[in-house]
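Student: Quick one: the structure is below, and I'll ask about it shortly.
The values are calculated or read from the model by the stated rules, or taken from the named source; none is laboratory data. Everything numeric here is computed off the predicted structure, so don't read it as measured data. Ideal geometry is used to build each Cβ from the backbone, glycine not excepted, and the neighbour counts take in all protein chains shown. Heavy atoms of the whole protein, side chains included, go into the accessibility calculation; ligands, DNA and RNA do not. Shrake-Rupley method; radii C 1.70, N 1.55, O 1.52, S 1.80 Å.
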Amino acid sequence: MLTNPEVEKNLIGIENLEIKKLIYTNFRYDSKSGKGLADSIGYEKSTGDYIGKSIQSPTGNLYPDPVMKIFIQVCPSFEEDWKEYLSRWGENEERGITNDLAEFAYHIVWLRINNKVEEFNDIFNAIEYALAEGNDAMHNILATGLLENIQNITGNMGGDPDAFIKWLGPVTKMWWDEINRFWGDLEKYHEKSN
């Protein structure tokens, strides 16, 4: 049972206690040890690379790292797409967490386009918690690997990325806005350069 009231507050929207425990265990950042999820999935601080490590699922080696296991737990509709995605990669090829999150972003956009948003509260509550409780590496992988991809994929498909805003918690919204601000500033820079 989770006992920390701050942690419980961040997870309040997720009703399944097993998912709450999974998120709490894998996404939290321990400020005393300086460890967080990025350390457990093999984040190499010296190079900034992510090294995919596998954790055993009941059915075999399905989940390459805790972050994807959590997203499959909060978004069960992703599991079939995930299996298909894994089958496209060679057995010894390193996909990387960014590619994995991009695949999840495509799935989230597909759900939104098809108005199948029943899992969105759990998905975006998990993202909110990870951004609120995670370390810098977690912020970076979720901001660029997931949120930015959701924005780009939606825009490239002719949709409005801001259609997702109603599901974003305050920390996720801050990162969402930061991504928009970055691209807006970059566009202004290029306009001045020309």
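Student: Output the residues belonging to the stretch 110-137 that are under 19 Å from residue 69 (Cβ atoms) and of a type in the set (D, E, K, R).
Tutor: 119, 122, 128, 133
Student: Another question, if that's okay. Of all residues in the stretch 43-82, count the ones that are among the polar types (S, T, N, Q) and at pLDDT 60 or above.
Tutor: Narrowing the stretch 43-82 to residues among the polar types (S, T, N, Q): 46-47, 54, 56-57, 59, 61, 73, 77.
This time we only want the ones that are at pLDDT 60 or above, so: 73, 77.
So the answer is 2.
Student: Quick check, is residue 119 within 24 Å of residue 81 (Cα to Cα), open to solvent by less than 70 Å² (accessible area, probe 1.4 Å) and more than 10 Å from the chain's Cα centre (by Cα)?
Tutor: Details: within 24 Å of residue 81 (Cα to Cα): yes; open to solvent by less than 70 Å² (accessible area, probe 1.4 Å): yes; more than 10 Å from the chain's Cα centre (by Cα): yes.
For residue 119, the condition - within 24 Å of residue 81 (Cα to Cα), open to solvent by less than 70 Å² (accessible area, probe 1.4 Å) and more than 10 Å from the chain's Cα centre (by Cα) - is met.
Student: Here's a follow-up. Consider residue 85 against the criteria (1) modelled with pLDDT under 90; (2) open to solvent by less than 30 Å² (accessible area, probe 1.4 Å); (3) out of contact with any Leu (no Cβ under 7 Å at 6 or more places or on another chain); (4) among the hydroxyl-bearing types (Ser, Thr, Tyr): it satisfies all of them except one. Which criterion is unmet?
Tutor: With (1) modelled with pLDDT under 90; (2) open to solvent by less than 30 Å² (accessible area, probe 1.4 Å); (3) out of contact with any Leu (no Cβ under 7 Å at 6 or more places or on another chain); (4) among the hydroxyl-bearing types (Ser, Thr, Tyr) applied to residue 85, the lone miss is (1).
Student: Then there's this: Would you confirm, using the coordinates I've provided, whether residue 110 is part of a helix (DSSP H, G or I), of a type in the set (A, V, I, L, M, F, W, C), open to solvent by 40 Å² or more (accessible area, probe 1.4 Å) and at pLDDT 95 or above?
Tutor: Details: part of a helix (DSSP H, G or I): yes; of a type in the set (A, V, I, L, M, F, W, C): yes; open to solvent by 40 Å² or more (accessible area, probe 1.4 Å): yes; at pLDDT 95 or above: yes.
Answer is yes for this residue.
Student: Another question about this same structure. Could you give me the residue pairs with C-beta distances under 6 Å whose first residue belongs to the stretch 156-170 and is surrounded by 10 or more Cβ atoms within 10 Å (Cβ to Cβ), whose second residue is at pLDDT below 95 and of a type in the set (D, E, K, R) wherever it lies, and which are 6+ apart or on separate chains?
Tutor: Final answer for the pair search is 169/128.
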